[in-house]
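The structure appears below as structure tokens.
Coordinate-derived values only; no laboratory data. The model shown is predicted, which means the values in this text are computed figures rather than measured ones. Here the Cβ positions follow ideal geometry from the backbone for every residue, glycine too, while neighbour counts run over all protein chains shown.
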Amino acid sequence: MDELNSAPTTPTVEIVTPAHNEADYLERCIRHLRELADSLPYETRITVVDSGSTDDTWLVARALADRYGINTLRVRRPGRGRAIRAAWRASDAAVLAYTDVDLSGDISSMPMMFDLVLSGRADLAIGSRISEGTRVSRRWSRTLMSRVYAEIVQWMAAPPFLDLQCGLKVVSGPAVRALLDDVENDDWFFDTELLLAAWQSGHRVVEVPLAWHERVRTTVRYTSTIAEDLSGLARLGARRIRAAAAGSHPGPAPDHAVLRRVAAHELIQSSLVALIAGPGAGGAVNRALPRGLRRSVGVLALAAGVGALANPGRRAAVPISDIVFTGLALGATQLTGRARWLPVALRLGSGAARVVSVAVWVVDEPAGQSGAVGVTGESAR
Ligand SMILES: Nc1nc2c(ncn2[C@@H]2O[C@H](COP(=O)(O)OP(=O)(O)O)[C@@H](O)[C@H]2O)c(=O)[nH]1
Ligand SMILES: [Mg+2]
């Protein structure tokens, strides 16, 4: 049985924080949320949802409930999405929110996000670590994963927002409670599924640039989470195809043209990335690493990292083709030890916003070095 301790009145806003083995971090989180809630002109309830914890998270949460007047909910089965869903479903607040316990996302942006939803200017106001105006302190590998993931989602569905996985979101209670039954995932893909469902059913999703200071410790298990995200996207893609085949309306058409217009400087940047990753830094990195997969991963990371991080605040700064093709081309030469010339054409979009991306990589490997020349072209109309 789930355990729920409710405050008696209906709050205007309910801030949920999902907690899994967070005994050491919970009090700091609740102290800051209490301060924030007390500064607001409307009633705000704070709810901790513990699930799957093997440490003292639940005991700490119960002690904090007495001290700070918060609400606690315990869900038997683990899963971040399941925890948020349970708390949101149990709530009757007009506005629902969640934040990670580590408060990586700056909660001082929350009142403005509450106003967006309360005033009806947004149905969902989502924190973004990718859009312009963000200040982000994060490991480069996490940034890269987020950007690649954002690119994949853009490529598949082209929603008018980029950061689907940010751990701070504010949503309209009535709008989102009506969607929760359609969201199948109970863990990390929950956010993506909810956002795409909301957008496809006509709700306004507004991306709010957020200061983000990431905690080093994470509860994310990378391999299984990446697999979960990709299989979730495949499931949504299959559902869309089935809906189209059955003649039902599959939601708004992808708007690739908006996000995919590539400026001349982006082409120059792509080529520069390839040149740097090739005979220069890439060669040095390659020589230092053992043969095989690690080399290609190293070069892929270098090229992708330079390209993606060179433009941190930009929308769709580096086409995913650059990242993928650089890895493939240089990886192939490293693995075979022979010169390769790889012409690649990919990404034929559909509908009114047609996108064509062509990349040609010429790769040479004299004496164990890699050379790469990249030409990436993209047109949107
Ligand atoms: N209730 C609950 N919360 C979870 C679960 N898994 C993760 N969380 C919480 O989800 C939030 C985000 O996790 P975190 O490790 O900070 O992810 P990261 O910021 O992406 O590295 C934290 O508040 C976690 O405690 C779970 O199975 N159940
Ligand atoms: Mg975190």
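Values for this structure:
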quantity: Ranking of 118, 194, 144, 59 by count of other Cβ atoms within 10 Å, fewest first; calculated: 59, 118, 144, 194
quantity: Estimated FRET transfer efficiency when R0 is 22 angstrom, pair residue 180-residue 248 (beta carbons, to 0.05); calculated: 0.60
quantity: Point-to-point label distance, residue 239-residue 156, nm (Cα→Cβ direction, 7 Å offset); calculated: 1.1
quantity: Long-range HN-HN contacts of residue 208 with modeled amide H, under 5 Å; calculated: 126, 127, 128
quantity: Total formal charge among the other residues, if their Cβ is under 14 angstrom from that of residue 110, Lys/Arg +1 and Asp/Glu -1; calculated: -3
quantity: Computed label-point distance, nm, for sites residue 218 and residue 39 using a 7 Å Cα→Cβ extension; calculated: 2.9
quantity: For peptides 231-241, 22-32, 39-49, sequence by mean Cβ density within 10 Å, most packed first; calculated: 39-49, 22-32, 231-241
quantity: Contour minus Cα-Cα distance for residue 227 and residue 142 (0.36 nm per residue); calculated: 29.1 nm
quantity: Proximal charge balance of residue 44 [Cβ under 15 Å; K/R count +1, D/E count -1]; calculated: -3
